[in-house]
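Taking it in order: structure first as C-alpha cells, then the write-up.
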Amino acid sequence: MIRVTLPDGSVREYPKGSTGLEIAAQISEGLARNVLAAKVNGVVQDATRPIDTDATVQLLTWNDPEGKATFWHSSAHLLAEALESLYPGVKFGIGPAIETGFYYDVDLNGQHFSQDDFRKVEDKMLELARQKNAYVRKPVGKADAIAYFEEKGDPYKIDLLQGLEDGSITFYTQGGFTDLCRGPHIPNTGFIKAARLMNVAGAYWRGDEKNKMLTRIYAVTFPKQKELDDYLHLLEEAKKRDHRKLGKELDLFAFSEKVGQGLPLWLPKGALVRERLENFLRRAQVRAGYQPVVTPHIGSKQLYVTSGHWEKYGKDSFQPIHTPDEDEEFLLKPMNCPHHCEIYKTKPRSYRDLPLRLAEFGTVYRYEQSGELHGLTRVRGFTQDDAHIFCRPDQVKDEFMKVIDLVLYVFKSLGFNDYSAQVSLRDPENREKYIGSDELWERAESAIIEAAAEKGLTTVMELGEAAFYGPKLDFMVRDALGRKWQLGTIQVDYNLPNRFELEYVGADNQKHRPVMIHRAPFGSMERFIAILIENTAGNFPLWLSPDQIAILPISEKYEDYANDLFFALQEHDIRGFVDLRDEKIGRKIRDAEVNKVPYMLIVGEKEQADGTISVRRKGGAATGQGGDLGSMSVDAFVALFQQEVKL
RNA sequence: GCCUUCUUAGCUCAGUGGUAGAGCACUUCCUUGGUAAGGAAGAGGUCGUCGGUUCAAAUCCGAUAGAAGGCUCCA
C-alpha cells in the first residue's frame with residue numbers, strides 16, 4: 001500500500017501502483033470523469049500512470065491551469081492526427097499549449113492551407129475525439145526514436161531528438177498517431193468536445209529567421225461546447241474594445257497611406273486626450289522637481305556615433321538625411337537621451353546641482369519592420385514622455401524609487417491596476433549585444449532590483465530584455481486581446497555618461513561621473529493611449545473625455561437657452577457642444593451615447609422656464625448604469641461635474 | 001523583412017466572368033418632437049494601384065501599396 005496525501009490534507013491508503021484516475025474514482029465518479037492529469041509530488045503526470053510510492057497527489061481538472069495546459073497539449077496531438085489524415089506527408093515541428101489554446105507548427109509539404117480548411121480539420125478532430133482513443137505513453141531509446149522519424153521522413157522531430165538525452169525519451173500514441181513527447185496527457189481524446197481553429201501564421205523553425213518557415217496553426221479546444229461559445233463571445237467583446245476600431249469610431253486618430261505606415265495622425269479629439277494626459281504628467285513632474293527642455297527632431301550622425309546608437313541600430317534605422325551642399329549627415333532622432341546629455345554638458349555641474357531632472361515630450365522616429373506595425377501600439381513616429389535624471393551614484397537608489405512612485409501614481413490615477421513589473425536584464429549568453437563593462441552592468445542591475453524590492457513591487461525577471469546600454473524596470477500591461485505591452489519604463493545607465501564624458505565637481509573638488517536614469521511613465525503617448533482606450537472601452541474618465549457634455553435642446557425653440565448654457569459652462573472649463581440638429585431628443589441622446597459623451601444636458605420648455613437643466617449620465621438603458629439624473633440648477637451641475645473631475 | 005489572409009461609397013458590409021448594391025453617415029425638404037434611431041427625396045464608387053488572360057474582369061492570373069493575425073525584431 002502507498003500513503004497518498006490529498007490537497008485537503010487528508011491521507012489515504014491505496015494499493016501500490018494505483019493511478020490518479022483510480023484515486024479519483026474512489027473519491028467520486030464525477031471527479032473521475034473530469035480528471036485530466038495528476039500532480040504527484042509537484043510533478044504533473046498522466047492520470048493513468050501508476051503511483052508507486054507515498055506521495056502528495058493533486059488531481060487536476062479543467063479548473064486548474066495545469067489541467068487546462070494538459071488538455072490543450074493533448075489537443076495539439078489530436079490536431080496533428082487530424083492533419084496527418086487530411087494532408088498526407090505533413091511533417092511536424094512543435095505543438096505546445098499556450099495561454100489560451102495551443103498551436104502546432106507544421107510543414108505541409110507545399111500543400112495549401114488557409115481558413116477555408118479550418119472546418120474540415122475541426123470536424124476531423126471531433127470525429128477522432130469521439131473514438132475516445134487513449135493517449136499511450138511509451139519510453140523509447142534515442143536510436144529507435146530517430147529511426148522511427150527517419151522512416152516517417154520528419155526532419156524536425158529528428159532535429160529535436162538530437163538535443164535530447166537517451167533514456168529520457170518518450171512517445172505518446174493516440175489512435176493512429178505517434179508523437180515525440182514528454183507528456184503529460186489527458187486519459188483519452190473523448191474529453192475533447194469542442195474544437196476551433198483560430199488562425200494560421202508563419203513561424204520560423206526554432207524561431208530563427210534563417211530556418212525554414214513552417215505553418216503555425218492556432219487552435220483552441222474545450223471540454224464542453226458551451227465553453228467554446230462563451231470564449232468566442234468573449235473574443236467578440238474584446239474586439240469591440242480594440243483601440244484601432246474605437247479610434248476610428250470616436251475620431252481620435254487615423255492613418256494615411258500617403259503620410260506613411262506607422263505614422264499616426266491625431267485628430268482633434270485624440271489630440272485633446274493626449275494634451276490632457278501630457279498636462280497631467282507635466283504637473284506631476286513639476287512637483288517632483290523636473291525641468292522641461294525642448295530639443296530638435298534631428299541630430300547629427302556624430303551624436304549617435306558617440307551614444308552608440310549608430311553602431312547598434314544604424315543600419316536598421318531610417319537612413320541619414322544629407323544636406324545638399326556640405327553633405328552633412330543628420331539622423332531622425334530615435335531617442336532623446338543624447339540630446340539631453342548635451343544639455344547636461346552646456347556648463348560645468350556641481351554635485352550641488354544634482355540630481356538634474358530634464359523632461360521632454362520628445363517625438364522620436366524608429367524604423368520598425370513593416371510587419372511589426374500595429375495600430376498605435378507599434379508605430380514609426382511616437383512621442384515619449386521622456387526624462388533623464390543625472391545624479392550622483394549615492395542618489396541612484398533614492399531617485400529610482402521616486403520614479404517608481406511617479407509611475408505608480410500615473411497608473412493609479414488612470415485606473416491601470418492590472419500591470420506587472422518586469423526587471424529586464426541582460427542576456428548572459430550574448431554579452432556582445434550590450435555596451436559597458438560587466439561591473440557597471442552589475443551595479444545597475446542590483447540598483448534596480450534593490451529599489452524595486454524596497455518599494456515592495458512584485459517583479460518578474462526577464463533575461464535578454466534589457467536595453468543595450470542598461471537594464472530596465474518595465475511596467476507591462478495587457479491590451480484587449482491579452483497581448484502584453486511595455487508602458488512605463490525606468491532604466492539605470494552608467495554607460496552613456498561615460499560615452500558623453502559627463503562630469504560634475506564633487507565636494508572633494510574632484511571630477512566625478514554622474515549616473516543617468518532614463519524614465520517614461522507612459523512609455524509613449526501613442527501606446528499608452530491605445531491601452532487606455534482598450535482598458536476603458538473608449539469611456540474615458542471625465543477629465544479626459546474629448547466632449548464632456550452634450551447640450552441637447554428639445555427643439556430649436558430652445559436654441560438660445562442652450563447656447564447661453566454652453567457659454568456659461570465654458571466659463572467653468574467644461575468642454576462639449578450643443579446639438580442643434582433638427583432631430584428628436586431620443587435621437588440626440590442616442591448619438592451622444594454612441595459617442596460616449598459622459599453628460600447629456602437636456603433643455604426644453606420646462607428647463608427654460610425654471611432656469612434649470614435635465615441631466616443624463618451616459619450609460620442608460622443599454623448598460624443599466626447612468627440614465628436620467630433629473631433636473632437641477634446649473635450651479636448644482638457644475639458642482640457635480642467638478643467633484644467627478646477631481647476624483 | 002518572412003508566412004497566411006484581406007482591400008467594393010465617409011463607415012460597416014453584400015455582390016465569384018456579362019455595363020456596380022444595402023444599411024448607417026452626408027445634403028435638401030417635411031416634421032417642433034421630452035431621455036438610445038421621425039418621414040421623404042437626393043447626392044456619393046474608373047471595386048487599393050499597375051499590368052496580363054478574355055469578345056467581356058470587382059470577379060481569373062501576376063506585380064505593387066496598405067491592412068489583419070502570427071514569426072523574427074523592438075534603443
### Query
How many residues are part of a loop (DSSP other than H, G, I, E, B), open to solvent by 30 Å² or more (accessible area, probe 1.4 Å) and either closer than 30 Å to A:Leu108 by Cα or without any contact (Cβ under 8 Å) to a residue 40 or more places away in the chain (or both) if we restrict to segment A:37-87?
4
### Message
Against the definition (under 28 Å from A:Gly488 (Cβ atoms), of a type in the set (A, V, I, L, M) and touching a residue at least 12 places away in the same chain (Cβ under 8 Å)), how does A:Leu569 come out, yes or no?
### Response
no
### Query
Are any residues in segment A:137-159 closer than 16 Å to A:His185 by Cα and surrounded by 15 or more Cβ atoms within 10 Å (Cβ to Cβ), and if so, which ones?
A:Arg137
### Query
Mind checking whether some residue in segment A:476-486 is touching a strand residue (DSSP E or B) at 6+ places or on another chain (Cβ under 7 Å), touching a residue at least 40 places away in the same chain (Cβ under 8 Å), charged (D, E, K, R) and crowded, with 21+ Cβ neighbours inside 10 Å?
yes
### Message
Need a quick list: helices (runs of 4 or more DSSP H) entirely within segment A:209-310 having at least 2 residues that are among the hydrophobic types (A, V, I, L, M, F, W, C).
### Response
A:225-240, A:268-287, A:301-307
## Note on the structure
Those residues of segment A:311-350 which are open to solvent by less than 60 Å² (accessible area, probe 1.4 Å), in a loop (DSSP other than H, G, I, E, B) and either more than 13 Å from RNA strand B (Cβ to nearest atom) or under 20 Å from A:Phe361 (Cβ atoms) (or both) amount to A:Thr323, A:Lys333, A:Pro334, A:Met335, A:Asn336, A:Arg349
### Query
Do we find a residue being under 27 Å from the mean Cα position of the chain (by Cα) and either in contact (Cβ under 8 Å) with a residue 24 or more places away in the chain or surrounded by 22 or more Cβ atoms within 10 Å (Cβ to Cβ) (or both) anywhere in segment A:500-511?
no
### Query
Can you spot a residue in segment A:384-401 that is open to solvent by less than 60 Å² (accessible area, probe 1.4 Å), among the charged types (D, E, K, R), touching a helix residue (DSSP H, G or I) at 6+ places or on another chain (Cβ under 7 Å) and within 27 Å of A:Glu526 (Cβ to Cβ)?
yes
### Query
Among the residues of segment A:194-218 satisfying the criterion of being more than 8 Å from RNA strand B (Cβ to nearest atom) and within 23 Å of A:Leu232 (Cα to Cα), which is most open to solvent (accessible area, probe 1.4 Å)?
A:Arg196
### Task
Check every one of the strands (runs of 3 or more DSSP E) wholly within segment A:539-613 and list those with 3 or more residues that are within 13 Å of RNA strand B (Cβ to nearest atom).
A:549-553, A:599-603
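The values are calculated or read from the model by the stated rules, or taken from the named source; none is laboratory data. On a predicted model such as this, the values are computed, not experimentally measured, just so you know. Note: ideal-geometry Cβ built from the backbone for every residue, glycine included; neighbour counts use all protein chains shown. The accessibility values were calculated without ligands, DNA or RNA, using every heavy atom of the protein model including side chains. Shrake-Rupley method; radii C 1.70, N 1.55, O 1.52, S 1.80 Å.
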